[in-house]
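J.: The structure follows.
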Amino acid sequence: MSVNVLAYSEDRELLLQLLGKGGDMAEKAGGEVSALLIGSGISGTDEFFRYGADKIYIVDDSKLEHFSLEPYRASVLETIEEASPGFILMGATKRGKELAARVAAALDTGCMTECVGLEIDDEGRLRAERLAYGGSTISTQVSKKAPHIATVPARAFDKIESTSRSGEIVVLDVELPDARLEVIERREKSRGDLGLEEAPVIVSAGRGFKDQGDLKLLEELAGVLGAKMGCTRPIAADLGWMEEWIGISGRKVAPKLYVACGISGTIQHAAGIRDSQIIVSINNSETANIHEMSDFSLVGDIYTVLPALTKALKEKVG
Ligand SMILES: Cc1cc2nc3c(=O)[nH]c(=O)nc-3n(C[C@H](O)[C@H](O)[C@H](O)COP(=O)(O)OP(=O)(O)OC[C@H]3O[C@@H](n4cnc5c(N)ncnc54)[C@H](O)[C@@H]3O)c2cc1C
């Protein structure tokens, strides 16, 4: 019997990656993989066919211009009703995880979150590998009830360009419930916090910084390296010096270079940076955990090391 796969994420790049994995799964299950697009004024569907979608379901309504739970959940549920997928892959973004859990509850099925490995087992169930304990171990779980729902973080799977350039588009007319929350104001995020996930170079601050004004040292280093600035949770959540943090409860990053300044390297922070290609740590304690996961360790005071490093790099760049 053929079983279909449905993929959804509000993040287009992540949706392409879900189609890559979903395509593999659909091949094994003898079914097809579909992409679900939800929004208002949806365009640019060709890209999804180019990256493997056999079919695209569209729910397009002005009520869906911004994310709100009830109308988005209704859109996903209606699509599931129409497409009858055996497997549903959703992006493990904050919104994706919220939505996946509600959809699973409505269907009285399970939901495995943050899956970095997915296979259909011999009994046709979904077998997932999930990072556990802040990413220090991998737990393998099996979903026993269909439809099997899994959320997948960015970059867990590759997008795969397909030879097929077209497929079927199904536009669904969904009766959308009103949102229970009214959004009073929307504001752009500050520029510094945008695109951390995509940044090739990140310099990051921890509690080694004694004063908000001292972040200028980090800004100067970021300027020479063309880097984005990140931080640990206390810097953002407790002190409010930056808006968002990196780690298990914050952003997960995968830059080519991550420079950790005055960061101890707790398991919660490490979970967000372990996909970095090169980690450089600057910490005045020789025994700080961050050194264990670093490619280069600088034992020293950030207040002396950072200005010296910035100066040396400026001279090198010219
Ligand atoms: C449920 C939960 C979720 C969490 N999620 C996250 C998360 O997503 N991300 C996250 O970051 N944290 C998270 N935390 C918090 C986490 O446990 C740590 O408290 C936090 O990561 C520590 O941040 P830090 O390294 O900046 O501070 P500290 O652990 O206080 O480390 C400061 C470091 O700076 C060094 N230092 C001090 N002065 C200097 C100097 N002058 N020069 C050089 N080095 C210096 C010290 O040696 C020390 O190693 C979470 C906690 C909980 C309970």
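J.: The conditions are (1) assigned to a loop (DSSP other than H, G, I, E, B); (2) more than 9 Å from the ligand (Cβ to nearest atom), and Ser249 fails exactly one of them. Which is it?
T.: (2)
J.: Among the numbered criteria (1) among the aliphatic types (A, V, I, L, M); (2) at pLDDT below 95; (3) near the ligand (Cβ under 9 Å from one of its atoms); (4) open to solvent by less than 20 Å² (accessible area, probe 1.4 Å), which single criterion is violated by Ile267?
T.: Ile267 satisfies all of (1) among the aliphatic types (A, V, I, L, M); (2) at pLDDT below 95; (3) near the ligand (Cβ under 9 Å from one of its atoms); (4) open to solvent by less than 20 Å² (accessible area, probe 1.4 Å) except (4).
J.: Go through (1) in contact with a strand residue (DSSP E or B) (Cβ under 6 Å, 6 or more places away or on another chain); (2) open to solvent by 20 Å² or more (accessible area, probe 1.4 Å); (3) not β-branched (Val, Ile, Thr) one by one and return the number of the condition Phe87 breaks.
T.: (2)
J.: While we're on this one: Against the conditions (1) more than 13 Å from the ligand (Cβ to nearest atom); (2) assigned to a loop (DSSP other than H, G, I, E, B); (3) open to solvent by 10 Å² or more (accessible area, probe 1.4 Å); (4) in contact (Cβ under 8 Å) with a residue 40 or more places away in the chain, where does Ala199 fall short? Just the number, please.
T.: (3)
J.: A further question follows. Could you list, in sequence order, the residues of the stretch 224-240 that are of a type in the set (Lys, Arg) and near the ligand (Cβ under 6 Å from one of its atoms)?
T.: Hit for the stretch 224-240 is Arg233, nothing else.
J.: Does the stretch 183-194 contain any residue that is more than 11 Å from the ligand (Cβ to nearest atom), part of a helix (DSSP H, G or I) and among the small types (Gly, Ala, Ser)? Give the derivation first.
T.: So the first thing to find is which residues in the stretch 183-194 are more than 11 Å from the ligand (Cβ to nearest atom), and the list is 183-194.
Going one step further and asking which of them are part of a helix (DSSP H, G or I), we end up with 191-193.
With the extra rule that they be among the small types (Gly, Ala, Ser), the set shrinks to 192.
Yes: the stretch 183-194 contains one or more residues that are more than 11 Å from the ligand (Cβ to nearest atom), part of a helix (DSSP H, G or I) and among the small types (Gly, Ala, Ser).
J.: Conditions first: (1) assigned to a loop (DSSP other than H, G, I, E, B); (2) surrounded by fewer than 18 Cβ atoms within 10 Å (Cβ to Cβ). Ala237 passes all but one, so which condition is the exception?
T.: (1)
J.: Can you confirm whether Asp301 is on the phi < 0 side of the Ramachandran plot, surrounded by fewer than 17 Cβ atoms within 10 Å (Cβ to Cβ), without any contact (Cβ under 8 Å) to a residue 12 or more places away in the chain and within 11 Å of the ligand (Cβ to nearest atom)? Give the steps one after another, and end with the answer.
T.: Working: on the phi < 0 side of the Ramachandran plot: yes; surrounded by fewer than 17 Cβ atoms within 10 Å (Cβ to Cβ): yes; without any contact (Cβ under 8 Å) to a residue 12 or more places away in the chain: no; within 11 Å of the ligand (Cβ to nearest atom): yes.
So Asp301 does not fit the description; no.
J.: Could you please find all residues in the stretch 252-263 being outside any strand (DSSP E or B), crowded, with 17+ Cβ neighbours inside 10 Å and in contact with a Ser or Thr (Cβ under 8 Å, 6 or more places away or on another chain)?
T.: Filtering the stretch 252-263 down to residues outside any strand (DSSP E or B) leaves 252-256, 262-263.
If we keep only those that are crowded, with 17+ Cβ neighbours inside 10 Å too, we end up with 252-255, 262-263.
Answer for the stretch 252-263, where residues must be outside any strand (DSSP E or B), crowded, with 17+ Cβ neighbours inside 10 Å and in contact with a Ser or Thr (Cβ under 8 Å, 6 or more places away or on another chain): Val253, Ala254, Pro255, Ile263.
J.: Taking Ile149, is it of a type outside the set (Lys, Arg), under 21 Å from Ile58 (Cα atoms), surrounded by 11 or more Cβ atoms within 10 Å (Cβ to Cβ) and touching a strand residue (DSSP E or B) at 6+ places or on another chain (Cβ under 8 Å)?
T.: Yes, satisfied.
J.: Can I ask one more? Tell me, yes or no, whether the stretch 47-66 has at least one residue that is among the aliphatic types (A, V, I, L, M) and either more than 22 Å from Asp178 (Cβ to Cβ) or without any contact (Cβ under 8 Å) to a residue 40 or more places away in the chain (or both).
T.: Taking every residue of the stretch 47-66 in turn, at least one turns out to be among the aliphatic types (A, V, I, L, M) and either more than 22 Å from Asp178 (Cβ to Cβ) or without any contact (Cβ under 8 Å) to a residue 40 or more places away in the chain (or both).
J.: Taking Lys252 as meeting all but one of (1) within 16 Å of Ala270 (Cα to Cα); (2) without any contact (Cβ under 8 Å) to a residue 60 or more places away in the chain, write down the number of the exception.
T.: Only one criterion is unmet by Lys252, namely (2).
J.: Here is a list: Glu286, Glu292, Glu243, Glu315. Which entry is open to solvent by 80 Å² or more (accessible area, probe 1.4 Å), more than 8 Å from the ligand (Cβ to nearest atom) and touching a helix residue (DSSP H, G or I) at 6+ places or on another chain (Cβ under 6 Å)?
T.: Matching residue, one of Glu286, Glu292, Glu243, Glu315: Glu243.
J.: Right, next: If we only count strands (runs of 3 or more DSSP E) wholly inside the stretch 76-154, which ones have 3 or more residues that are out of contact with any helix residue (DSSP H, G or I) (no Cβ under 7 Å at 6 or more places or on another chain) and closer than 30 Å to Ser276 by Cβ?
T.: In the stretch 76-154, the matching strands (runs of 3 or more DSSP E) lie at 115-120, 126-132, 137-143.
J.: Turning to a different aspect of this structure: In the stretch 111-120, how many residues are surrounded by fewer than 19 Cβ atoms within 10 Å (Cβ to Cβ) and either modelled with pLDDT of 95 or more or out of contact with any strand residue (DSSP E or B) (no Cβ under 9 Å at 6 or more places or on another chain) (or both)?
T.: Total meeting the criteria: 1.
J.: Would you mind telling me which numbered condition in (1) near the ligand (Cβ under 10 Å from one of its atoms); (2) within 20 Å of Thr93 (Cα to Cα) Pro255 fails?
T.: Just one mismatch for Pro255, condition (1).
J.: Of the residues that sit in the stretch 155-177 and are part of a strand (DSSP E or B) and of a type outside the set (Asp, Glu), which one is least open to solvent (accessible area, probe 1.4 Å)?
T.: Here the residue is Val170.
The values are calculated or read from the model by the stated rules, or taken from the named source; none is laboratory data. Nothing here was measured: the structure is a model prediction, and the numbers come from that model. Don't worry about glycine lacking a Cβ; one is built from the backbone with ideal geometry, like all the others, and counts go over all protein chains shown. We work out accessible area using only protein heavy atoms, side chains counted, and drop any ligands, DNA or RNA first. Shrake-Rupley method; radii C 1.70, N 1.55, O 1.52, S 1.80 Å.
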